[in-house]
1. Check cross-link reach from LYS576 to the lysines: straight Cα distance under 25 Å, and skip same-chain residues fewer than eight apart.
2. When we measure straight from the Cα of LYS16, which lysines land under 19 angstrom away, once same-chain ones fewer than 8 places off are left out?
3. Once Rh for segment 69-205 is found with the Kirkwood sum over Cα pairs, what is the Stokes-Einstein diffusion coefficient at 4 °C and 1.567 mPa s, in µm²/s?
4. What does the convex hull of the Cα atoms come to per residue for the chain, in Å³?
5. Residue-wise, which Karplus ³J(HN,Hα) couplings in Hz belong to segment 318-331, taking 6.51 cos²θ - 1.76 cosθ + 1.60, θ = phi - 60°, and x for glycine or proline?
6. Helix-derived [θ] at 222 nm for the chain: sum -39500 (n - 2.57) over DSSP H runs of at least 4, divide by residue count, nearest 500?
7. Projecting each Cα onto the charge dipole of the chain (Lys/Arg +1, Asp/Glu -1 at the beta carbon, about the Cα centre), which of GLN538, GLY129, LEU460 comes out farthest on the positive side?
8. Between ARG167 and residues 5 or more places away or on another chain, which pairs have amide H atoms under 5 Å apart, with H built 1.01 Å from N, and which residues are they?
Amino acid sequence: MVSPSLQEKLDQLPAKPGVYLMKDVAGDVIYVGKAGSLRGRVRSHFGAGAHQPRLTPLIHDFDYVVAESEVEALALEHNLIQRHRPRFNVRYRDDKSYPYIRVDLREPFPALSVVRQHAVAPDGARYFGPYTSSRAMWETIRFLRRAFGVRQQVVVSARRRAGCAWRPSAGPRARPCLDHHMGRCLAPCVGAASEEEYRAAVRKACDFLEGKREHLLGELRQEMDRAAAELRFEAAARLRDQVEAIELALSEQRVVSAPGEDADAIGYALREDTGCVAVLQVREGRLVGHDERLVEGVSGVPPEEVLNGAVKLHYQRAASAPRSVLLPLPIADAQPVADLLSRRRGARVEIVSPRRGRRRKLVEMAMENAEHHLRSALERESAERRRGEEAVADLEKVLGLPVPPRRIEAFDISNVQGKQAVGSMIVFQDGRPRPSDYRRFRIRLGGGEPNDYEMMREVLRRRLRAAVSGNVKFARLPDLVLVDGGPGQLGVAVRAMAELGLRMPAAGLAKEHERLYLPGPAGPISLPEHSRALHLLQRVRDEAHRFALAYHRRLRAQQTRESVLDGVPGIGEKRKQRLLSHFRGLAGLRRATAEEIAAVAGCSRTVAEAVVAALSGPE
């Protein structure tokens, strides 16, 4: 039965495309949907034939946003699902950002760069990916550099620093770098390749990334024959090497369809609340790539609805569009997805459900891949769950606990001489990380002097006080509290609990000699190196340290950005964000010229020179 207030909102719905958000009694978003007509689609959730009957009784209210078109509504729906992660929407289980290869053809000498994001950015550059395997992506980049001599821009991360830092606006260099001598760069920085020659190499690299490899091979063979006929033997030899490299890559790819076939075949497999969607990428009749993703939120949802949600998820992130998308079942949003892909491709894209022939065989192959991947993932998770439960049982015996420590909370502190001090709380449930329950704390302790004991006391008191006061996010208490340190840190934890009238098992694990401390006068416990209980405690302690350190580094980086740029006259918050975004951080901004800064920030040369001066000091 629909309430009067809800019925009134239903009566006012427009017959226009848009997105709607269903909410429960607590006001949390539990479902996000797209509609060609908001009036018809939203009302269908309350009729007798509701497509998700489990959802309807929980709907207490809803909001909606009108869009210009169904394609615009698709993008908005995707963004809202990423923001709210509603439990009744089909969504990726592992929703981290994946790397893309980015090529900005608007630059005179484009370079390969790597970016991590949730979807293709509408910035005019070309994107290839996403790559679920970083190793495969780096192997592809190495191949492109060897085969075509394309530059790779500097990539800075926690583990990797590589590539070319040359900017064309800085003018030519006196000599090329080692990559040119190793045959991995055409060295436009010293004029060894003209802009036309270099851009031709970049176009070939993009064709390879798009899967147009047979076409590219024919083009290179013609160029090689022409160069040999004109007695340009060095150029012919270089082209021969490119032909051989591509032939080797093609020999490793299976021919799965007729020559010229350009399609994505999509299959699915479902088990209770977990599913898998497999995408086979066929270009020029060859299988050039595949992508298998686990999805959740599928329990009680019809297969065609699961497939509909998964297809929309995949193509919001995919950088390229095939000529055809082959599905095992028709989906409701086939037309708006096809319109989205047609815009991206610049040509018509069809979405079909073949019933027979070679295209149906491709779909069946995708279904088999999805089934195999899901079965392997569930078996792997079952083994991990079993190992976690065994480690928890061992820990219960070692510590003599009254109940198995199914929920372990670990705390750590990170600071530099008391500055930017932060604390972390991480949670392991049944021996496995539970990132949704992780929490960060910015230390409020004044004075600026390092005092790890007081910092640990503050973090524990804030966490436990939240539980005592009824904060639902902290309501569940741990079966074991683990602190990074020895008797001192453990004593602080025990006193913090006692001050709030709480008694919970606690332990401290000191890094030196990996000794385990328990409350009381007894000495430390040294567990065997092969002990599953010790391995579990080490994983928990190290994860708490990693989480605290990541937050501390982020605050330090934020402070650096603020202290360097905020003091420059004429650079406000918008200009600061524009500069940092365009040059991808302070490192890129330090390499920019005053002319480049003025063009990006939209400021005078005087202000740009002030930015250069501010950044010329020590990092």
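Where a number appears in this text, it was derived from the coordinates with a stated rule and is not lab data. Given the structure is predicted, the values throughout are model-derived calculations rather than measurements. Neighbour counts are summed over all protein chains in view; Cβ atoms, including those assigned to glycine, are modelled from backbone coordinates with ideal geometry.
1. LYS419
2. Leaving aside lysines fewer than 8 places away in the same chain, those within reach of LYS16 are LYS34.
3. Details: Rh = 17.0 Å.
Result for D is 76 µm²/s.
4. Numbers: hull volume 133.1 nm³, N = 619.
It comes to 215 Å³ per residue, whole-number rounded.
5. Along segment 318-331, the couplings run 5, 7, 10, 10, x, 6, 9, 10, 9, 10, x, 9, x, 10 Hz.
6. Details: 18 runs with 269 residues, N = 619.
Calculated at 222 nm, the ellipticity per residue is -14000 deg cm²/dmol.
7. Checking the options against the dipole of the chain, the answer is LEU460.
8. none
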